[in-house]
Amino acid sequence: MPRDLWPARSFRGHPCGGPLNRALEDRVRAALPFLALGALVLIAYGRTLTFGYSHDDFFLLRPVAEWRFIGPSPTGFFWRPVWALVLALEYELFGLHPGPQHAISVLVQFVNASLMFALLGRLGVQRRVALATAALWTLLATTATGVAWLSGIDDALTMTGLMLATYFWVRRPAGPSIGDAVVATLWWLFAVLFKEVGLGWPFAMVAFAWWRRRRAPGAPRFGVELLLPLLAFGLYVALRVQALGHTAGLTSSDIPEGEMHLHGSPLVMAAGRTIHFCEALVYNLLPVDFFTTWTGVVVGWVIGLLLVVTLVVAWRAERPQRPAWLLHGAGWLVLFSLHGAMSPAPRTLYVPAAGLAFVLCEWVATSSYFRRSLASALVLFAFLGMQLVLERNALDAQHWQHFSNRVRNSTLLLGDDPRITPEKKAYLAKRYQFDDVQRLARFTRAQEMSLPWREYLQHLFKRAAG
């Protein structure tokens, strides 16, 4: 059979190819990464559509009429008004029907993965590395809770705002125009009104724009647009002062004694945030929380340490002169992980985990060591397998039938908290047909948690604060 009768692999080589077919092929090629990310998100998180509610969800799901812009969150000493508003709107739209609300969380996860791919591409990262970063971040265990737990949408939508803000700020080589700066600043405000993550973003973006303009010939180094993020930061702090007190809740002096996990002396607060930041750097390499057995902890740490050793060996073998990817990854962690959380917790690493995912993907893609070493490839596959197991365990922990949720929700059912309305108690009574609800409710939080080391750290913080 003549060779030219076989179907062509590309419209561009086909006799019938033309501008229309070439445009269609370009659109298909451009859409393929997003279709792949959508399929990955659906495979990884599709089962969360059948999940129910966890403890904090019942406090946040309330009528919009009860929402206040100025004032602490109904879950405690936080000022996250847009977070509370979004969950109140979901309650107004769907009532106590968690399925549609979980569908929104899955959709936000797809949007975040797509934005990550687009943002890295805008910064000049290779498409394959950008796609691998978004895919790996989607599968990391520290990402799972933000998708499976309805209250975790604060982390997810905070990341949406931060990535859109960054995208509009960096999309022009010579720095943002006034229009770009306005849009980027508004997205940053949207992000921090969800959760106080990325507080260093305004200052870093001003420095980044100044550095870019310095390298661009003829571009002015300063402009009114560079003041907008700083003005927005001042406005945000002023609003926090109005909502939480004279120090805006950024120190422990305004925090009630009951919120001890956020309370402490300046030294203790600094230590807690330092630990949290270090955990953001290494947690996904050496995780603890989502293992269900001590054997799993040991195996996981062995895999994580082997990966660390492999990365060090690869670095020493090639000694890269300008590891720009390392600086970008560190910058991501610095910008997107700074917030006021006192005690570290995996779900608070939803945003900074993207920095680690990018560093790993770029490191592997640019290092010939990983291409010629079978052992290093096996370590990488073992690490990915470990993350898939941990991601499954993290999702299991958010299922309404999981023991921890049974304990928390039975406590709500038997308690007299005014935030748990008769409607919510009726929902809990219908959902949980406990034969031993009284026994479950007697479990303390320390007994409920399978992580005594984290409870011990919190105990140390409380002792130091006292």
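The numbers here are math on the coordinates, done by the rules we state, and not lab data. Nothing here was measured: the structure is a model prediction, and the numbers come from that model. As a convention, Cβ positions derive from the backbone with ideal geometry for all residues, glycine included, and neighbour counts pool all protein chains shown.
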Q: Take the Cα atoms of segment 353-439, build their convex hull, and give its volume per residue in Å³.
A: 132
Q: Return, for the Cα atoms of segment 82-198, the radius of gyration and Dmax in Å, separated by a comma.
A: 15.3, 49
Q: Could you sort 151-161, 417-427, 302-312 so that the peptide with the highest average Cβ count within 10 Å comes first and the rest follow in order?
A: 151-161, 302-312, 417-427
